[in-house]
Amino acid sequence: MSRIGLVLGGGGITGAAYEIAVLMAIEMATGWDPNDADVIVGTSAGSFVAALVRGGQLSIDSLVGRSDNRSEVSEHIRSRVFQRTRPMGIARWVRHGILPGVRNPGLTLLLGSPAPFHAGGIAEWLEEQIGSDADGWPDRATVAVAYSLEQRSRVAFGTDDAPDVTLKEAVAASSALPLLFAPYEIDGVHYVDGGVASGTHADLVLGSEEPLDLVVVIAPLAATEERAGAWFHERIFDRVGRSALDEELDVIEEAWPETEVLVIRPLPAVLSAMRPNPMDPAAAVSSFIRALSSLKRDLAKSDVWAILDDHLTSAARPRPSR
């Protein structure tokens with residue numbers, strides 16, 4: 001039976017919808033349950049989806065609720081993700097963002113910035129979906145990646161080197177996108193979205209005790225083809241996402257040359273529903289539906305299906321009785 005790694009990248013609300021669609025499509029096509037993955041690495045929105053998988057709640061209902069009304073669905077997501085807070089923390093922003101940013105201009109300038117929302121709503125939403133599992137940690141290897149302002153480095157919750165936290169705390173920390181969400185504090189340490197370091201952190205699968213046979217990477221923010229009318233920031237995010245992922249895949253290939261890797265990214269037809277604002281709750285359903293429609297063709301491509309059939313359909317088949 002193949003050993004499988006699953007990497008769920010960041011991508012906002014529409015990225016989460018895309019990842020749920022991909023995982024559901026793979027399960028329908030192969031019979032393989034994503035929760036059977038030996039290792040799951042989630043970043044930002046991907047950490048939320050990873051928690052849903054480990055909590056046995058991989059369903060579009062977990063994202064949009066049970067209403068068929070588009071405005072009600074949008075409000076359902078908005079009320080859970082965007083919980084207001086008083087913008088505070090100017091001193092923290094100066095210390096962890098502005099001063100380092102002056103010395104080394106770039107995204108670090110935004111770290112620690114005051115923001116209108118807090119990620120505690122995401123933690124509550126996860127608990128609403130998976131219950132008491134949100135207050136512990138999955139039995140199977142699961143990693144949620146955030147970025148520590150104090151350490152100025154990624155923190156892979158769920159690994160031996162990371163602090164012990166609950167799953168809902170890790171997901172909230174991993175999802176605290178600078179400027180939109182205030183840094184999420186756990187035991188005096190401030191965390192922001194793990195995507196500021198990389199949208200995928202695929203190299204963390206190397207923490208597996210044994211080499212994996214297949215690593216499936218779902219990367220909403222590493223598209224290789226642009227949608228018509230793509231905005232400038234979309235090109236930047238995808239370019240940075242591809243670059244980070246390519247480096248991570250090189251590391252995996254060097255360590256595990258026999259491991260197959262399958263990267264699944266949204267195509268322009270899907271991006272037209274997901275963009276230009278990945279944090280738009282109103283785009284969740286259309287992103288999910290467009291993704292399912294696209295995946296019907298994408299997964300059937302000979303090179304993709306050969307990998308899925310080799311590793312996942314065989315894993316889903318019942319073992320012969322002796």
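What tally of residues in the range 22-68 results from selecting those that are closer than 25 Å to ASP280 by Cα, surrounded by 24 or more Cβ atoms within 10 Å (Cβ to Cβ) and modelled with pLDDT of 95 or more? Of the residues in that region, 15 qualify. May I ask you to verify whether PRO211 is open to solvent by 60 Å² or more (accessible area, probe 1.4 Å), closer than 28 Å to ASP36 by Cα and not in a helix (DSSP H, G or I)? So PRO211 passes the test. A Cβ distance below 6 Å, combined with a sequence gap of six or more or placement on separate chains, defines the contacts here; from the range 226-252, residues that are part of a loop (DSSP other than H, G, I, E, B) reach residues that are surrounded by 12 or more Cβ atoms within 10 Å (Cβ to Cβ) in the pairs ARG227/PRO268; ARG227/LEU271; ARG227/SER272; TRP231/PRO276. Selection within the range 253-294: residues that are of a type in the set (A, V, I, L, M) and assigned to a loop (DSSP other than H, G, I, E, B). The member of this set that is farthest from LEU6 (Cα to Cα) is MET279.
Checked against (1) open to solvent by 40 Å² or more (accessible area, probe 1.4 Å); (2) modelled with pLDDT of 95 or more, ILE236 meets all criteria but (2). Scanning the range 181-198 for residues that are of a type in the set (Val, Ile, Thr) and either open to solvent by less than 20 Å² (accessible area, probe 1.4 Å) or closer than 24 Å to ALA244 by Cα (or both) turns up ILE186, VAL192, VAL196.
On the basis of being open to solvent by 50 Å² or more (accessible area, probe 1.4 Å) and over 24 Å from ALA25 (Cβ atoms), does PRO178 make the cut? Criteria not met by PRO178. Could you say whether any residue in the range 284-305 is touching a Ser or Thr at 6+ places or on another chain (Cβ under 7 Å) and touching a residue at least 60 places away in the same chain (Cβ under 8 Å)? Yes: one or more hits. Only one entry in ALA141, ALA123, ALA162 is more than 22 Å from SER79 (Cβ to Cβ) and either touching a Lys or Arg at 6+ places or on another chain (Cβ under 9 Å) or in contact (Cβ under 8 Å) with a residue 60 or more places away in the chain (or both), namely ALA141. Apart from one condition, VAL165 fits all of (1) open to solvent by 10 Å² or more (accessible area, probe 1.4 Å); (2) among the hydrophobic types (A, V, I, L, M, F, W, C); (3) closer than 15 Å to THR142 by Cβ; (4) under 13 Å from the mean Cα position of the chain (by Cα); the exception is (4).
The values are calculated or read from the model by the stated rules, or taken from the named source; none is laboratory data. Fair warning: this is a prediction, and the values are worked out from it, not measured in the lab. For neighbour counting, all protein chains shown are included, and Cβ atoms are generated from backbone atoms with ideal geometry for every residue, glycine included. In case anyone asks, the SASA skips ligands and DNA or RNA and just uses the protein heavy atoms, side chains included. Shrake-Rupley method; radii C 1.70, N 1.55, O 1.52, S 1.80 Å.
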